[in-house]
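Participant: Handing you a structure now.
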């Protein structure tokens, strides 16, 4: 059971404000007619428990939140890296640049949007209101 608010009227958005794609997706999230609880991992340390709960909502393990085949990860750690959940939590907590895709949660539904339009799965937004940074 997740310990963060999982309300249908609120979107929890976990992101890295240093990554342009995350900021663009965040702009779409803000355009929703919902309260937004934004957790910027460059400014707030997410607990291991919370990472585990978020991964569970996504139907994944924490280690699956790190995209080990992504160029950013491969450049730092190499190819074919095998991770355990504890190691993945440490990376997520200490190296926010390895958090490749943000996570959006509404109620008990979580997604890992790769493009800003992907978050519309959680809401019906008016794209005319969006101011992309």
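The values are calculated or read from the model by the stated rules, or taken from the named source; none is laboratory data. Everything numeric in this text was worked out from a predicted model, so none of it was measured. We place every Cβ from the backbone using ideal geometry, glycine too, and count neighbours over all the protein chains shown.
Participant: Go through the stretch 57-73 and report how many residues are touching a residue at least 24 places away in the same chain (Cβ under 8 Å) and in a loop (DSSP other than H, G, I, E, B).
Facilitator: Adding up the residues that qualify gives 4.
Participant: Here is a list: 8, 24. Which entry is under 19 Å from residue 122 (Cα atoms) and in a loop (DSSP other than H, G, I, E, B)?
Facilitator: Unique residue meeting the criteria: 8.
Participant: Kindly provide the set of residues from the stretch 104-117 that are surrounded by 15 or more Cβ atoms within 10 Å (Cβ to Cβ) and either part of a strand (DSSP E or B) or at pLDDT below 90 (or both), ordered by number.
Facilitator: 104, 105, 106, 107, 110, 111, 116
Participant: Could you please find all residues in the stretch 74-96 being more than 23 Å from residue 53 (Cβ to Cβ) and either part of a helix (DSSP H, G or I) or in contact (Cβ under 8 Å) with a residue 60 or more places away in the chain (or both)? Spell out the reasoning first.
Facilitator: Of all residues in the stretch 74-96, those more than 23 Å from residue 53 (Cβ to Cβ) come to 74-82.
Of everything in the stretch 74-96, those that are more than 23 Å from residue 53 (Cβ to Cβ) and either part of a helix (DSSP H, G or I) or in contact (Cβ under 8 Å) with a residue 60 or more places away in the chain (or both) turn out to be 74, 75, 76, 77.
Participant: Here is a list: 41, 14. Which entry is out of contact with any helix residue (DSSP H, G or I) (no Cβ under 6 Å at 6 or more places or on another chain), modelled with pLDDT of 95 or more and buried (at least 19 other Cβ atoms within 10 Å of the Cβ)?
Facilitator: 14
Participant: Criterion first (in contact (Cβ under 8 Å) with a residue 24 or more places away in the chain and part of a helix (DSSP H, G or I)) does residue 54 satisfy it?
Facilitator: Yes.
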